[in-house]
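Here is the structure we will look at, set down as structure tokens.
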Amino acid sequence: MVGREREDHAGGAAFGVGVVGCGYWGLNYIRVLSELASVETVVACDEDPVRLKAVAERFRHAELASELDELLESDEIDAVAVCTPATTHYEIATRCLEAGKHVLIEKPITTRAEDAETLVVLAEQLDLTLAVGHTFLYNAGIQKVKSYLDNGDLGSLYYMYSRRTNLGPIRHDVNALWDLAPHDVSIFNYLLNAPPSWVSAVGRTVLRDTNEDFGFVSIGYESGVVAHIHVSWADPNKVREVVVVGSEQRIVFDDIKTSEQVRVYEKGVTPAASEVSSYAEFRFSIRDGDIISPKVEVSEPLKNQCRDFLESIASGTLPVSDGRAGLEVVRVMEAIDQSIARNGVPVAVGSSPLTRSKAS
Ligand SMILES: NC(=O)c1ccc[n+]([C@@H]2O[C@H](COP(=O)([O-])OP(=O)(O)OC[C@H]3O[C@@H](n4cnc5c(N)ncnc54)[C@H](O)[C@@H]3O)[C@@H](O)[C@H]2O)c1
């Protein structure tokens, strides 16, 4: 394995990790990595001296670098977390991999599927770990929803939808769909263990005339399941919700709630007998049941994600959110772009030998 992992007191690997991009999200990485026992050194890198000053004020012992090359040339650094704007991910990650560093790239992995493919191949050729910051795959609430699906508790799966709306924060390099929908696409692919076959999407620019500020996306999977995503950074109501509806149960994940983040509705509709002759008979086909709020272990998704990344480096196994998962999301995002340009016409999601089988 390329890279140099040191031994810590407990006998496990002790890592030096660089964080490139110390803006809103990069600061969380610096905090989380500094708290992990397996991390010996965290070096914060940003091209903006104001951001580095902010890091120094908040993390008094943080090591700072104003150039990416300082991280890449350092023997102390085994891995790099890339937390810069999406359009810069490909170039920075390529340089990190070529310098022999394991890489965790924030979502979306890149803004072109071709570039994501190049990164996946490069990491595999160099025997380096490539992970993507699809944080919700490490969210205990989403993992709970998946456990219900995997156990077959929902019965037959009808459909899923998500809403991710708020007033801002508005990005300048990508539109609201590329900023927000990768979360939902990664969640749906994770829940179904497969990428989708087609998308149909509409989006509009309302705040400026450059990037779409909201979008509505329908997604179809080979299994017949359909999903829907509504994203917006022009909506005064902050919503972060995923709903999964099956024949036996309906599950709601609400990321904004501080308690009862997952609710399971044990209600269902059984198809009525072929001849429904009265309202009473029709009502009989609606099955009532309990509403359960299952216990969800409290843990920080970003910390789980960083831990999985470092454990994957140490063990040589794939992280839950690996480069291919990132590539599959970007393929969907490209299809969404094409569908928006054609005002919602369904577009097939591209695949390649690097894409996991849609049927698997
Ligand atoms: N997983 C999540 O829940 C989540 C949440 C927020 C943001 N993100 C992702 O994190 C990434 C960063 O988002 P943000 O909100 O922190 O952005 P931000 O604009 O607040 O910060 C980006 C930082 O990168 C720095 N930077 C840009 N180019 C650089 C370069 N070449 N070298 C060094 N530094 C450079 C900028 O100076 C800035 O400080 C994006 O990809 C975004 O999608 C993920």
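The values are calculated or read from the model by the stated rules, or taken from the named source; none is laboratory data. Please read these numbers as outputs of a predicted model, since none were measured by experiment. Heads up, the Cβs are rebuilt from the backbone with ideal geometry, glycines too, and the neighbour counts pull from every protein chain shown.
Laid out as a table, the results:
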quantity: Test: residue in the range 345-355 that is in a loop (DSSP other than H, G, I, E, B), touching a Phe, Trp or Tyr at 6+ places or on another chain (Cβ under 6 Å), of a type outside the set (Phe, Trp, Tyr) and modelled with pLDDT under 95; calculated: no
quantity: Pair list, Cβ < 9 Å and 6+ apart or interchain, from the range 155-177 residues that are over 24 Å from Thr84 (Cβ atoms) to residues that are basic (Lys, Arg) and within 12 Å of the ligand (Cβ to nearest atom); calculated: Ser162/Arg240; Arg163/Arg240; Thr165/Arg240
quantity: Test: residue in the range 148-157 that is of a type in the set (S, T, N, Q) and modelled with pLDDT under 95; calculated: yes
quantity: Filter result (under 18 Å from His172 (Cα atoms) and surrounded by fewer than 20 Cβ atoms within 10 Å (Cβ to Cβ)) within the range 201-257; calculated: Arg204, Thr205, Val206, Leu207, Arg208, Asp209, Thr210, Asn211, Ala234, Asp235
quantity: Selection count, the range 182-210, where residues are more than 11 Å from the ligand (Cβ to nearest atom) and either in a helix (DSSP H, G or I) or in contact with a Pro (Cβ under 8 Å, 6 or more places away or on another chain) (or both); calculated: 11
quantity: Lone unmet requirement of (1) assigned to a helix (DSSP H, G or I); (2) touching a residue at least 40 places away in the same chain (Cβ under 8 Å) for Asp150; calculated: (2)
quantity: Check on Leu33, over 21 Å from Trp178 (Cα atoms), more than 8 Å from the ligand (Cβ to nearest atom), buried (at least 17 other Cβ atoms within 10 Å of the Cβ) and of a type in the set (A, V, I, L, M); calculated: yes
quantity: Filtered residues of the range 172-181 (kept if in contact with a Pro (Cβ under 7 Å, 6 or more places away or on another chain) and either assigned to a loop (DSSP other than H, G, I, E, B) or surrounded by fewer than 20 Cβ atoms within 10 Å (Cβ to Cβ) (or both)); calculated: Asp173
quantity: The listed residue being more than 18 Å from Ser147 (Cα to Cα) and at pLDDT 95 or above, out of Asp308, Asp288, Asp255; calculated: Asp308
quantity: Some residue of the range 87-97 being near the ligand (Cβ under 10 Å from one of its atoms), without any contact (Cβ under 8 Å) to a residue 40 or more places away in the chain and over 22 Å from the mean Cα position of the chain (by Cα); calculated: yes
quantity: Unmet requirement for Leu68, which otherwise passes all of (1) of a type outside the set (S, T, N, Q); (2) touching a residue at least 60 places away in the same chain (Cβ under 8 Å); (3) near the ligand (Cβ under 9 Å from one of its atoms); calculated: (2)
quantity: Hits in the range 94-123 - residues which are in contact with a strand residue (DSSP E or B) (Cβ under 8 Å, 6 or more places away or on another chain) and charged (D, E, K, R); calculated: Lys101, Glu106, Lys107
quantity: Residue selected from the range 161-176 under the condition under 17 Å from the mean Cα position of the chain (by Cα) and farther than 22 Å from Pro301 by Cα, by the criterion nearest to the ligand (Cβ to nearest atom); calculated: Val174
quantity: Residue count for the range 288-328, restricted to those that are part of a helix (DSSP H, G or I), away from the ligand (no atom under 16 Å from the Cβ) and among the acidic types (Asp, Glu); calculated: 2
quantity: Close pairs (8 angstrom Cβ cut-off, 6 or more residues apart or separate chains): free of Cβ contacts under 8 Å to residues at least 40 places away in the same chain in the range 45-62, part of a loop (DSSP other than H, G, I, E, B) and acidic (Asp, Glu) anywhere; calculated: Cys45/Glu67; Glu47/Glu67; Leu52/Asp46; Val55/Asp46
quantity: Any hit, the range 185-200, residues being more than 20 Å from the chain's Cα centre (by Cα) and either touching a residue at least 60 places away in the same chain (Cβ under 8 Å) or surrounded by 17 or more Cβ atoms within 10 Å (Cβ to Cβ) (or both); calculated: yes
